[in-house]
Amino acid sequence: MPKASDRVGAVGCGAAGTGARPKGATPEGKGRADMVQSLCSAFVLEGPKGFVNRAVACAKGLGPAFNGAAQEPRAALSAREVPTPAESAVARRAGSRAFRPPNPIEPSCHPRALLYCLPAHNRRESMACKTVLADHADYRITLHVASAQPSQRIVITFGGQPSGLADEGFGTPFCLEHGWDTIYVAQRHGTQFQGLSIQDFQTVVRPVCAGRDVVTYGSSLGAYAALYYGGAVDARMIAAAPMLPAWRPLKLRAYEDLPVTHGDIKDGPLSRHDPVVIYDPHIRNDTHLIRDLVAPAYPDLRPVEVPYAGHTVLVTLSQARLLKPLVLGIIEHDAIIPFDPPGEGTAIYHGELGRSLIRTDRKAARAELEKSLAIAPSKRFFGMLVNLLIRSGDHEAAQQLICKAENSGDKRLGLVPSVRQTAINAGLRVG
């Protein structure tokens, strides 16, 4: 019998199980019936009858994925594949205890396909199963199956700049909630996906995407990835404020030592579909990258401009309750719904407008930043205002603003290290 650590397709218990086997359970399965019995025993201990039924349905629907487990149904997980806090929370809501493997195995050095079955992130009567399709030092690619039957549509999402190696992330719960199978592509923190080639991406995901409506979706660094890899699977692409900080024409010193292995998007495989690009046209680096890296590959891209929404344009749209209908319209109908962008009276609008005026009209910029902070506290815009007052020579106003913020005790009005040092250098008192 092969070792679990050497076998691709090993089955592991998800957050719904405890790892214990009820009395009388067969330790090794022979055939589908014993396999399903063993799966149920591993996944659920004193769980609701309905959950057991769904586990059986999932096992039957994904039969080929369990072939390896038929020989050794014992739950096998590496130490780092213990359910996430989010999965454990889902399990608690389902009435089960979080799983912890009694004898975790050592992580294998090659890509694994560890399958978990756990309650779906939504309220549908279905199972959400996940399979690690590839596990590399620089990336991890994980398939999440929304139900027993493959969905006609599959959405591939990508981690953002601050993300790291994980099984799920940006967009995963949203996709499962709507019944779409989804693949989450994670980067090793700080690598900006430079360790994942188009060829390796294509090799891993193409078999899963064959014959389906494929959508790639991401924000910032994840949006860049959605565009860069989207052509490899002929996907429809949704890119919100695409950004590759290490892209040399941006000349960002913080990333000048990061090796860039990716070529230009236009030189790689291109999709037949023009991408939807959502962005704030007043963010200089975003517009630069879209104009010089994205547009040469997709000259007929479909722009969705959201003025003064900032680089985190999806957050702005979410706060205005516009994000979900916009994204659903694109994914389900390939249509961009008409909407009025957030404007006057929103904190992000006045803050971003103030930021854009700093170089040309400091008085107007100050007024807009003050309007923004009056609507909602923000460490980012607070720092901008303090910095603006210092650069304008109004140290008294800057000191009053700092003292007022400190007395309020609101952490959203704290100074980031760079602005704090600027204030100290200007002779201001900073607590």
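List of remarks:
- Span from the the stretch 167-228 Cα centroid across to the the stretch 257-274 one, whole angstrom: 15 Å
- For the stretch 268-273, Karplus couplings with θ = phi - 60° (6.51, -1.76, 1.60), whole Hz, Gly/Pro x: x, x, 10, 7, 6, 9
- Summing charges over all other residues whose Cβ lies under 15 Å from the Cβ of residue 240, with Lys and Arg as +1 and Asp and Glu as -1, gives 0.
- When you count the other C-beta atoms within 10 angstrom of each residue and take the mean per peptide, 228-236, 387-395 line up highest first as 228-236, 387-395.
- Peptides ranked, highest mean first, by Cβ atoms within 10 Å: ranges 373-381, 213-221, 358-366: 213-221, 373-381, 358-366
- Projecting the alpha carbon convex hull of the stretch 134-311 along each direction and taking the average yields 9.6 nm².
Throughout, read-outs are computed from the coordinates displayed, never taken from laboratory work. Because the structure is a prediction, the values reported are computed rather than measured. As a convention, Cβ positions derive from the backbone with ideal geometry for all residues, glycine included, and neighbour counts pool all protein chains shown.
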